[in-house]
Amino acid sequence: MNMSQEIAKKLLEIGAVDIRSMNDLFTWASGIKSPIYCDNRLTMSYPEIRDMIAQGFESIIRENFSEAEVLVGTATAGIPHAAWVSQKMNLPMAYVRSSAKGHGKGNQIEGLIRKGQKVVVIEDLLSTGGSSMKAVDALKEAGADVLGVVAIFTYGFDQVDQLFDEKGIPYKTLTNYGVLLPIAVKMGYIKAEDKSILEKWSKDPYIFTKK
């Protein structure tokens, strides 16, 4: 089992990724009816798993974004992972809020980022990619050179690829929906006969919402 498969397995075991039957779907804030819900905040409570994730991020960053000078977490779930990885790599860290504070200095970016510094954004999850791109835009506006985004997990929606391609920002994830599904079948979290419809959902996330 490779690192991507091992992390997917751990996410399932601790309930960070929860897959339901077609008769008991999750409803996302966007209104999407989904058979899967991902809450990677749970990884904070498992030192072995969070360290595995940090090691995975370190490997991805060294291999793909070796010029990184600052690691930037997204508020809130990306912040602890950025802290653990920055400690491993001995790099400065900052984080980006979803919007500027309404008091004090009104900062959206916390921590020191100088104009022209090369940064990598650390996310817990890529769903549609919208919140990640807001963080990227805020960093660019502050003068940072954003090398890319790294995340623990992605549902594999085409719109994420389209958005990141349009913006010219590469992204990498430790694991993804396509890796997780066969493991979920093998571990008994989902039935083998449900796998094909679950695969269709990642291609059309509104497939259950339309009904």
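The values are calculated or read from the model by the stated rules, or taken from the named source; none is laboratory data. Model, not experiment: these values are computed from the prediction. When the accessible area is computed, the model is the full protein with side chains, heavy atoms only, and any ligands, DNA or RNA have been set aside. Shrake-Rupley method; radii C 1.70, N 1.55, O 1.52, S 1.80 Å.
A straight Cα-to-Cα reach below 25 Å connects K115 with the lysines K88, K101, K105, K134, K140, K167, K172, residues fewer than 8 places away in its own chain not being considered. From the Cα gyration tensor of segment 1-86, with a ≥ b ≥ c the square roots of its eigenvalues, which class applies: rounded if a/c is under 1.5, or else prolate if a/b is larger than b/c, or else oblate? Since a/c reaches 1.5 and a/b is larger than b/c, the shape of segment 1-86 is classed as prolate. Here K33 is the anchor, and the aspartates and glutamates within straight C-alpha reach of less than 13 Å, apart from those fewer than 8 places off in the same chain, are D24, D204.
Note on exposure: W201, W84, W28 ranked by accessible area (1.4 Å probe, complete protein assembly) read W84, W28, W201, with the most exposed listed first.
When its C-alpha radius of gyration is set against 2.2 N^0.38 Å (N residues), the chain gives a value of 1.03. Rounded to a whole number, what % of the accessible area of the chain do carbon and sulfur atoms account for, probe 1.4 Å? Roughly 46 percent of what the probe reaches on the chain is carbon or sulfur. Considering only A77, A29, A94, the mean-square fluctuation computed in a Gaussian network model of the chain, springs between alpha carbons under 10 angstrom, is largest for A29. Check the straight Cα-Cα distances from K118 and name the aspartates and glutamates below 17 Å, setting aside those fewer than 8 residues away within the same chain. In chain and number order, the partners are E58, E63, E67, E69, E110, D137, E141, D145.
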